[in-house]
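Here the structure comes first, spelled out in structure tokens, and everything after it is commentary.
We did not get these values from a lab; they are worked out from the coordinates using the rules stated. Small disclaimer: the values here were computed from a predicted structure and weren't measured. Methodologically, a virtual Cβ is constructed for each residue, glycine included, from the backbone with ideal geometry; neighbour enumeration extends over all protein chains shown.
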Amino acid sequence: MTRLDRMLATVVALTGAIAVLEVFSDMGRPVRPLVVLPFLAIGPGYAVVLLLGLRDRVAEATLAVALSIAIDMAVAMVMLYAGAWSPRFAVLAIASLSTVCVAAAFPLRRSVLP
């Protein structure tokens with residue numbers, strides 16, 4: 001994982017946390033779309049793309065947007081079918097999934113070669 005990947009992974013995790021804080025604290029309508037929509041459009045997909053270890057930035061960006069839309073829709077469908085629809089908890093679930101994927105992408109420790 002390169003330095004840029006680590007930086008972007010940190011941005012995804014922090015943006016998810018900020019989106020959850022904004023949704024649950026109810027800061028106001030002008031702020032919410034500026035914080036939540038970029039996260040939902042890119043964050044979850046990029047967190048999953050990190051696990052794939054791709055080297056092509058264009059492919060990463062394309063997959064990040066496509067996977068983000070798919071993850072957002074999957075979470076919404078599961079919540080609707082379960083009868084537990086809540087936009088706030090949907091953002092929380094997506095941010096939690098993104099954080100778990102980002103954490104899984106980071107190696108626990110560097111391996112030392114003899």
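A few comments on the model shown:
- Two-decimal log10 I(q)/I(0) for the chain, as the Debye equation yields it once each C-alpha is a single scatterer, q = 0.09, 0.17 Å⁻¹: -0.26, -0.81
- Ranked by how many other beta carbons lie within 10 Å on average, peptides 5-13, 27-35 from highest: 5-13, 27-35
- Taking the chain and dividing mean pair separation by its residue count, relative contact order in percent (alpha carbons under 8 Å, at least six apart): 35 percent
- Value at 222 nm in deg cm²/dmol, rounded to 500, when DSSP H runs of n ≥ 4 in the chain each add -39,500 (n - 2.57): -27500 deg cm²/dmol
- Packing, taken as the mean count of other beta carbons within 10 Å per residue, orders the peptides 78-84, 95-101 from highest to lowest as 95-101, 78-84.
- Cα→Cβ-extended label distance, 7 Å offset, between Val58 and Arg29, nm: 4.1 nm
- Other residues within the sphere of radius under 12 Å centred on the Cβ of Ile94, judged by their own Cβ, net out at 0 (K and R +1, D and E -1).
- Residue by residue, region 29-44 carries 3J(HN,Hα) couplings of 5, x, 8, 4, x, 5, 9, 7, 4, x, 5, 5, 7, 10, x, x Hz when phi is fed to the Karplus relation 6.51 cos²θ - 1.76 cosθ + 1.60 (θ = phi - 60°); x denotes Gly or Pro.
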